[in-house]
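Asker: Have a look at this one before I ask anything.
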Amino acid sequence: MTTTHPVKERVTTIGEGGRRFWLYPAQFRGFWLKRRQWVSVILIALFFVLPWIKINGQQAILLNVADRKFVFFGLVFWPQDLYIFWFFVVAAVVGIFLITAQWGRLWCGWACPQTVFLEHVFRRIERWIEGDATKRKRLDRGPLTWEKIRKKTLKLSIFAAISIHFANTVLCYFAGSDHVVYMTFHAPEANWNWFMFMAFLSFVFFADFAWFREQFCIIACPYGRFQSALLDEHSLIVGYDARRGEPRGKWRKGQVHTSGDCIDCNRCVAVCPTGIDIRMGLQMECVNCTACIDACDEMMRKVNRPEGLIRYTSVRQLDQKNRKAIRPRSIIYSALLLVLLSCGMWALAHKRSFTIQMLRSVGESMRVQDAKVINQFQLKIANQTADPLVLSANVPQEFELITPLPQWKVEPQSTSVVPVFIAKPISEFSHTGKEKVQLQFKQDDQVVFENQVTLIGPSS
Ligand code: SF4
Ligand code: SF4
């Protein structure tokens with residue numbers, strides 16, 4: 001492990017010879033940390049609790065890709081509803097554009113699972129077991145002792161247990177919490193695919209939080225990459241006020257401080273989880289976590305200077321110009337977001353609780369029997385509600401509908417496929433060999449759906 005500090009011209013976590021420069025962010029307290037901790041408690045609680053909450057008998061959020069069934073707070077979506085998803089997915093992307101243009105990397109610093117779990121769960125455990133940054137560094141660089149083995153084993157075992165729990169919770173969102181409980185009490189070979197998926201996720205989470213860490217934000221995350229296109233000089237950033245801070249100079253107790261407000265204590269660098277020096281300006285590695293704000297404010301209080309040398313600001317404000325909150329890009333993003341959300345809500349409001357498809361049977365779909373032209377179809381009814389669905393159908397009187405049952409009952413959240421025959425006397429059949437017929441589907445004697453199909457007969 002290299003002992004030199006990273007050179008600033010390259011990514012902060014890459015040391016001499018391209019080797020990983022391991023970071024030991026120092027502990028700190030402050031106004032923003034307290035708020036971020038509360039947000040993280042709420043987000044972590046939601047993440048672990050949501051799969052166990054049921055609404056109308058359905059898991060609150062379920063993304064059952066295998067059965068192509070998606071549930072959001074009591075609303076069930078099937079593949080045919082994906083166009084509704086489209087509106088909300090694109091709205092989410094535009095929403096991220098808008099949030100980034102207005103408030104910078106707010107998501108990264110406050111709500112991204114990588115930051116929330118790494119900073120508020122895994123690093124806390126690490127500090128609890130291995131001590132502060134200096135102790136952790138000493139432990140890593142020191143010889144292999146029983147103390148080191150004990151601490152590392154304890155830390156990595158807890159990391160592994162949390163990663164497995166994390167992976168099982170993710171599995172609940174995809175396989176359903178009831179199914180995960182069932183799988184937990186059965187041998188892996190009974191659910192081999194899911195078991196392998198869970199084992200893979202556990203490994204990925206463990207490797208990420210125990211080893212890969214800030215590299216994910218710096219190297220792997222695409223969001224960090226397209227920041228430069230989304231941010232402008234009016235966007236909110238965590239910034240260092242160089243006008244106020246420079247020229248920096250060491251502060252000595254009892255001496256008059258003649259330089260700028262920055263006392264060059266390096267606390268802002270020591271607490272930074274991505275190892276950068278915010279005094280060098282806006283950098284891609286900055287996840288806007290606010291740690292340097294809290295650290296610097298603490299130093300400012302100690303030397304009786306006003307807080308806010310590092311603060312939430314914008315490039316324009318740092319240049320002593322006005323920051324405009326409303327500008328063309330924020331208006332365009334907001335308008336687009338409004339349109340997409342309105343379309344999504346409209347589509348949601350008009351979403352059917354069932355779908356009906358009349359599919360022509362493969363093979364012999366038309367035959368002539370007893371002087372009648374008979375066409376065979378497969379009627380596919382998908383009930384998307386939590387209640388049983390009972391439907392019947394009728395056709396105009398010149399046609400005859402032949403089905404094994406006068407009405408069809410479809411269980412909640414399931415699909416039924418029934419054979420349906422439509423007949424017409426051959427003497428009345430169109431000489432073109434084609435006839436259109438309108439089917440009416442009824443629920444409680446109310447017409448709830450109409451569908452037109454084409455009958456094929458012999459042409460003259
Ligand atoms: S520079 Fe400050 S806000 Fe940016 S990542 Fe480092 S500590 Fe967080
Ligand atoms: S914490 Fe504040 S005072 Fe200390 S080096 Fe950073 S900017 Fe300067």
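Asker: As an exercise, use a Förster radius of 35 Å and the Cβ-Cβ distance of Val204 and Gln443 to find the FRET efficiency, rounded to the nearest 0.05.
Answerer: Working: r = 47 Å, r/R0 = 1.34.
The computed FRET efficiency comes out at 0.15.
Asker: To two decimal places, what compactness ratio does the stretch 265-356 give when its Cα radius of gyration is scaled by 2.2 N^0.38 Å?
Answerer: Numbers: Rg = 21.7 Å, N = 92, 2.2 N^0.38 = 12.3 Å.
Its radius of gyration relative to the 2.2 N^0.38 Å reference: 1.77.
Asker: Here is a follow-up. Return one quarter of the surface area of the convex hull spanned by the alpha-carbon atoms of the stretch 18-60, equal to its mean projected area, in nm².
Answerer: Numbers: hull surface 23.1 nm².
In nm², the orientation-averaged hull projection of the stretch 18-60 is 5.8.
Asker: Compute the separation of the alpha-carbon centres of the stretch 381-403 and the stretch 41-107 and state it in Å as a whole number.
Answerer: 33
Asker: Of the listed pairs Lys34/Lys135; Lys54/Lys351; Lys253/Lys324; Lys302/Lys324; Lys34/Lys148, which have alpha-carbon separations greater than 29 Å here?
Answerer: Flagged as over cut-off: Lys253/Lys324; Lys302/Lys324; Lys34/Lys148.
Asker: FRET efficiency for Phe197 and Ala220, Cβ-Cβ distance as r, R0 = 25 Å, nearest 0.05? Display every interim value, and only then the final one.
Answerer: Values: r = 20 Å, r/R0 = 0.81.
Once the sixth-power term is evaluated, E becomes 0.80.
Asker: Count the lysine pairs in the stretch 354-456 that are 8 or more places apart or on different chains: how many have C-alpha atoms under 14 angstrom apart? Display every interim value, and only then the final one.
Answerer: On the way: Lys372/Lys424; Lys372/Lys434; Lys380/Lys409; Lys409/Lys442; Lys424/Lys434; Lys424/Lys436.
The result is 6.
Asker: Work out, in µm²/s and without decimals, the Stokes-Einstein translational diffusion coefficient of the stretch 70-218 at 4 °C, 1.567 mPa s, Rh from Kirkwood over C-alpha pairs. List each step's numbers first, then the result.
Answerer: Details: Rh = 18.6 Å.
D = 70 µm²/s.
Asker: Okay, next question. Please list the radius of gyration and Dmax for the chain, considering alpha-carbon atoms only, with Å as the unit.
Answerer: Both quantities, over Cα of the chain: 31.7, 113 Å.
Asker: Contour minus end-to-end for Asp132 and Gln452, with contour as 0.36 nm per residue of separation and end-to-end as the Cα-Cα distance?
Answerer: Details: separation 320, 0.36 × 320 = 115.20 nm, distance 7.26 nm.
Here the segment from Asp132 to Gln452 would lengthen by 107.9 nm.
Asker: Shifting gears a bit: What's the carbon and sulfur percent of the chain's accessible surface, probe 1.4 angstrom, rounded to a whole number?
Answerer: On the way: 15320 of 24880 Å².
Carbon and sulfur together cover 62 percent of it.
Asker: In debye to the nearest 20, how big a dipole does the chain give about its Cα centre with +1 on each Lys and Arg Cβ and -1 on each Asp and Glu Cβ? Don't skip to the end; give the middle numbers.
Answerer: Details: 56 positive and 38 negative charges, 553 e Å.
So the magnitude is around 2660 debye.
Asker: Run the lone-cysteine check on the chain: no other Cys C-beta under 4.7 Å from the residue's C-beta.
Answerer: Lone cysteines by the Cβ rule: Cys108, Cys112, Cys172, Cys217, Cys221, Cys262, Cys265, Cys272, Cys286, Cys289, Cys296, Cys343.
Asker: Right, something else. Rounded to the nearest 500 deg cm²/dmol, what is the calculated helix-only ellipticity per residue at 222 nm for the chain, with -39500 (n - 2.57) per DSSP H run of length n ≥ 4? Could the numbers behind the result be given before it?
Answerer: Details: 15 runs with 172 residues, N = 460.
It lands at -11500 deg cm²/dmol.
Asker: What's the extension gain from Leu144 to Ser259 if we count 0.36 nm per residue and subtract their Cα-Cα distance?
Answerer: Numbers: separation 115, 0.36 × 115 = 41.40 nm, distance 4.56 nm.
Full extension of this stretch gives 36.8 nm more.
Asker: Hey, what did the stretch 281-322 get for relative contact order, percent, Cα under 8 Å, at least 6 apart? Write out the running numbers ahead of the final one.
Answerer: Values: 20 pairs, mean separation 12.2, N = 42.
Relative contact order here is 29 percent.
Asker: Leaving out ligands and nucleic acids, and using a 1.4 Å probe, what accessible area per residue does the chain come to in Å²? Don't skip to the end; give the middle numbers.
Answerer: Working: 24880 Å² over 460 residues.
Computed with neighbouring chains in place, this is 54 Å² per residue.
Asker: Separate question: Once you keep just the Cα pairs under 8 angstrom separated by 6 or more residues, what percentage relative contact order results for the chain? Present the calculation step by step, with values, prior to reporting the outcome.
Answerer: Numbers: 675 pairs, mean separation 65.9, N = 460.
Relative contact order for the chain comes out at 14 percent.
Asker: Provide the gained length on full extension for the span Trp22 to Ser416, in nm with one decimal, where the gain is 0.36 nm per separating residue minus the Cα-Cα distance.
Answerer: Working: separation 394, 0.36 × 394 = 141.84 nm, distance 5.80 nm.
So the chain would gain 136.0 nm between Trp22 and Ser416.
Asker: Calculate, axis by axis, the spread of Cα positions in the stretch 354-456 along the three principal axes, and write the results as whole Å, longest axis first.
Answerer: 46, 29, 20
Asker: Show me the helices of the chain, taken as full DSSP H stretches, that run 18 Å or more along their long axis by Cα and average 0.0 or above in Kyte-Doolittle hydropathy.
Answerer: Long hydrophobic helices here: 31-49, 82-103, 146-175, 192-207, 328-349.
Asker: When averaged across all projection directions, what area in nm² does the alpha-carbon convex hull of the stretch 80-168 cover?
Answerer: Values: hull surface 35.4 nm².
With the hull built on Cα positions only, its mean projection is 8.9 nm².
Asker: For Ala371 and Ser342, FRET efficiency with R0 = 60 Å and r from the beta-carbon atoms, rounded to 0.05? All intermediate terms of the calculation are to be shown ahead of the outcome.
Answerer: Details: r = 55 Å, r/R0 = 0.92.
Efficiency, rounded to the nearest 0.05: 0.60.
Asker: Further question on the same structure: For the stretch 428-460 and the stretch 267-298, write down the distance between their C-alpha centroids in whole Å.
Answerer: Their Cα centres are 70 Å away from one another.
The values are calculated or read from the model by the stated rules, or taken from the named source; none is laboratory data. As the structure is a computational prediction, the values presented were derived from the model and not from experiment. FYI the Cβ positions are ideal-geometry reconstructions off the backbone, even for glycines, and counts take in every protein chain you see. Remember, those area values only see protein heavy atoms, side chains included, never the ligands or the DNA or RNA. Shrake-Rupley method; radii C 1.70, N 1.55, O 1.52, S 1.80 Å.
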